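Asks: Before anything else, here's the structure in question.
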Amino acid sequence: MEVTARVADIVIEALRIGEVPSDGQEAIATGIGAQVEALDRELERVADGRGRGRFIRGEYGSGKTFFLRFLAARARRKGFAAAYVRIAYPDVPLNRPLAVYRDLAAHLGVREQPEGALRHILDQWLFRATERVMDPQIGPGLAPGNDGFDDALEAEIRSLLGPVADAAPAFAQALAGYAQASLAGEVDVARALLQWLAGDPKVAATAKRRAHLTGQLSDLDVLPMLRGLATVVHQASWWRLCRRRRGIWRSYRH
């Protein structure tokens, strides 16, 4: 494969300090052909809704971290969303699900944005929801700022989330609040609600009131939120063609 000067520099500098490079893993991946073939078969199952849990076992220093990062990068190149989460005490212990979810959301990546792609994914998904509300052939045909638009958008979000909205009503409310604040140009509120959706239990009370959220996030909220996030990621992948017109959504936000 051809390696650009930029990728070569990333690889060399990472190896110099003993870290796994953030890009260009395929340039130095050797001896894992069988595992890569197994992964590709597994990705086909995931795309078909039949994914399973897998475990990788190896001695200390055998390359498990490199292998996992390589597999995540390969999955992103094939159009999947992936996140690498390192369970470690005291920052991300396994017995604190909220900390695990927060780290997952922070490192979520897609092909266009290998890391920190949560906002990118949400904006892509919300663009479609907003478009459906504005289209009179699909929804009520309301533009942002019109009476009833906020309620219609929240209803559309709940409709798209389906059963997830019932299992994770707070996630749906926060998503609707984030969309409405973004469209209204309320940058601080939108940023705070994005942090809430990313698992931050401490956000401004004014932002929470904007989305009708009460109480604090706890470990019990993680599974419903993870289900909501997985649904949004999955649905956003259906609407990649909308990216060609994404400037419409961006223009509303500004």
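The values are calculated or read from the model by the stated rules, or taken from the named source; none is laboratory data. On a predicted model such as this, the values are computed, not experimentally measured, just so you know. A quick note on method: Cβ atoms are made from the backbone with ideal geometry, for glycine too, and the neighbour counts reach across all protein chains shown. These accessible areas exclude ligands, DNA and RNA; they are computed on the full protein's heavy atoms, side chains included. Shrake-Rupley method; radii C 1.70, N 1.55, O 1.52, S 1.80 Å.
Asks: Pairing the Cα long axis of helix 169-183 with the longest principal axis of the chain, what angle in degrees results, from 0 to 90 and rounded to the nearest 10?
Replies: 80
Asks: Right, here's the next one. Given 4 °C and 1.567 mPa s, how large is the Stokes-Einstein diffusion coefficient of the stretch 96-198 in µm²/s, with Rh as the Kirkwood radius over Cα pairs? All intermediate terms of the calculation are to be shown ahead of the outcome.
Replies: Values: Rh = 14.4 Å.
In µm²/s, the coefficient is 90.
Asks: With the cut-off at 1.5 for a/c, could you classify the stretch 12-83 from its C-alpha gyration tensor as rounded, prolate or oblate?
Replies: Here the stretch 12-83 falls in the prolate category.
Asks: May I pose another question? Could you work out Rg/(2.2 N^0.38 Å) for the chain, with Rg from alpha carbons only?
Replies: Working: Rg = 20.0 Å, N = 254, 2.2 N^0.38 = 18.0 Å.
Relative to the rule-of-thumb radius for its length, the chain sits at 1.11.
Asks: Another one. Ignoring ligands, DNA and RNA, what accessible area per residue does the chain give at 1.4 Å, in Å²?
Replies: Working: 14530 Å² over 254 residues.
Spelled out: the 1.4 Å probe surface of the chain, per residue, equals 57 Å².
Asks: Let me ask another. Setting aside same-chain residues fewer than 8 positions from Lys78, which aspartates and glutamates have a Cα under 19 Å from its Cα?
Replies: By straight Cα distance, Lys78 reaches Glu2, Asp23, Glu26, Glu37, Asp40, Glu42, Glu44, Asp48, Glu112, Glu115.
Asks: Taking all protein chains as present, what is the carbon and sulfur share of the accessible area of the chain, in % to the nearest whole number, probe 1.4 Å? Could the numbers behind the result be given before it?
Replies: Working: 7600 of 14530 Å².
The computed percentage sits at 52.
Asks: Just tell me the longest site-free run in the chain, where the sites are chymotrypsin sites (Phe, Trp or Tyr not before Pro) in a DSSP loop having at most 11 other beta-carbon atoms within 10 Å. Provide the component values of the computation, followed by the final result.
Replies: Details: sites that count: Phe55, Tyr60.
After excluding every exposed loop site, the longest remaining stretch is 61-254.
Asks: Next up: Do any GluC sites (Glu not before Pro) in the stretch 1-56 lie in a DSSP loop with no more than 15 other beta carbon atoms within 10 Å, and if so, which?
Replies: Values: sites: Glu2, Glu13, Glu19, Glu26, Glu37, Glu42, Glu44; in loops: Glu2, Glu19.
Filter output for the stretch 1-56: Glu2, Glu19.
Asks: A further question follows. For Asp103, Asp221, Asp48, give the ranking by accessible area with the largest first, probe 1.4 Å.
Replies: On the way: Asp103 35, Asp221 55, Asp48 100 Å².
The ranking, largest first, comes out as Asp48, Asp221, Asp103.
Asks: Provide Ile28, Ile157, Ile138, Ile10 ordered by accessible surface of protein heavy atoms (probe 1.4 Å), highest first.
Replies: On the way: Ile28 65, Ile157 0, Ile138 85, Ile10 40 Å².
From most exposed to least exposed: Ile138, Ile28, Ile10, Ile157.
Asks: Going from most exposed to least, what order do Thr214, Thr206, Thr65 have by accessible area with a 1.4 Å probe?
Replies: Details: Thr214 130, Thr206 85, Thr65 60 Å².
Descending accessible area places them as Thr214, Thr206, Thr65.
Asks: To the nearest Å, what is the center-to-center distance of the stretch 196-234 and the stretch 1-61, using C-alpha atoms only?
Replies: What the calculation gives is 32 Å, centre to centre.
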